[in-house]
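All remarks here apply to the structure that follows.
The numbers here are math on the coordinates, done by the rules we state, and not lab data. These numbers come from a predicted model, not from an experiment. Methodologically, a virtual Cβ is constructed for each residue, glycine included, from the backbone with ideal geometry; neighbour enumeration extends over all protein chains shown.
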Amino acid sequence: MPEQPDRYLPREAANDVTDESDDEERTVVEMTGGRLKDAVALVTGASSGIGEATARALAEEGAAVALVARRKDRLDALAVEIGRSGGRALALQADVTAEAQARAAVRRTIAELGRLDILVNNAGVMLLGPIVDAPTQEWDRMIALNLQGLLYATHAALPHLLAAAQDASRGVSDVVNVSSVAGRRARSGAGVYSLSKFGVNAFSESLRQEVTARHVRVSVIEPGAVRTELFDHVRPEVRERSTRSFANIEMLQAGDVADAIRYVVTRPRHVAINELLVRPTEQEL
Ligand SMILES: NC(=O)c1ccc[n+]([C@@H]2O[C@H](COP(=O)([O-])OP(=O)(O)OC[C@H]3O[C@@H](n4cnc5c(N)ncnc54)[C@H](OP(=O)(O)O)[C@@H]3O)[C@@H](O)[C@H]2O)c1
């Protein structure tokens, strides 16, 4: 095996947390400076789109980043890329709809990176289509990931976020929940997706009230249309209709949303950006 620079610790493969064993291969890549120096972030859905761009942005700011998703090869590649740019990343393969895996991802983050300051609940799926005659497995998938996955990751992370907010380094910690414009406005053809994102907003506001006095900031990010793989999972007949409505507008890039998240988590301790709606300029609804 070729010699690795010091900043690369064993990095043959992503750290699989689909079981609880400690002997999995892992990817740990070291490190840089910036506004989030000494902070540790965990980003769910880091294997593509907004999550991938957010992981890059937080690493650029100096955070060590735990990358969580199911596609191990993508996480590995991103961890190596972040490492080569002088950052530090830990690739953790997990399906966050399984509570044990969400919990294990948080536990491995603490074990490998030492703390947790920022949780970005980004993993999500948008299976659009009319309510009438919908395949109800699509509803199950959206509820399982957009709501339960977010709840499990948040529950597992909160003790560590509360502890991080009390120590001297930043004196504050962050839960960033990626919701949607669909979390503010329900539309036909997006009933259960909207249900899930309205739920994210409601849960976020309740949590905010519970923990804000202890300096855990809770934020919702509500993107409009972003060019990512999200639309690829929509049934073809529905996808055609929904992509048509965005055909003539310049959609957001994943990096635009990552910029918003970067902004939220780099505010001074006394500033909490609780809600941020980010649409393409040309998007009307
Ligand atoms: N794109 C938009 O227009 C838009 C607009 C508003 C809001 N959003 C929200 O933005 C978030 C990110 O979406 P995106 O647009 O970046 O789409 P994306 O590229 O499809 O990203 C979704 C991410 O979630 C991960 N994921 C899926 N199932 C998972 C599971 N069971 N456990 C762990 N990770 C899982 C995927 O990775 P694996 O498949 O590797 O697990 C992927 O990394 C979602 O919450 C979405 O609702 C997107």
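Overview of values
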quantity	calculated
Failed item in (1) part of a strand (DSSP E or B); (2) crowded, with 21+ Cβ neighbours inside 10 Å, with Leu277 passing the rest	(2)
Some residue of segment 150-172 being surrounded by fewer than 19 Cβ atoms within 10 Å (Cβ to Cβ), within 14 Å of the chain's Cα centre (by Cα) and not hydroxyl-bearing (Ser, Thr, Tyr)	yes
Residues of segment 206-231 classified as farther than 21 Å from Arg244 by Cα, free of Cβ contacts under 8 Å to residues at least 40 places away in the same chain and of a type outside the set (Gly, Ala, Ser), total	2
Sole residue being in contact with a strand residue (DSSP E or B) (Cβ under 7 Å, 6 or more places away or on another chain) and not in a helix (DSSP H, G or I), chosen from Val175, Val132	Val175
Enumeration of residues in segment 81-117 that are within 14 Å of Gly62 (Cα to Cα) and assigned to a helix (DSSP H, G or I)	Ile82, Gly83, Arg84, Leu113
Selection from segment 202-239 of residues that are under 16 Å from Glu275 (Cα atoms) and within 12 Å of the ligand (Cβ to nearest atom)	Val220, Ile221, Glu222, Pro223, Gly224
Test for Val120: is it assigned to a strand (DSSP E or B) and either buried (at least 20 other Cβ atoms within 10 Å of the Cβ) or within 13 Å of the ligand (Cβ to nearest atom) (or both)	yes
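Here's the yes/no breakdown for (1) under 18 Å from Ala186 (Cα atoms); (2) assigned to a loop (DSSP other than H, G, I, E, B):
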position	(1), (2)
Val238	yes, no
Phe246	yes, yes
Asp256	no, no
Arg262	no, no
Val271	no, yes
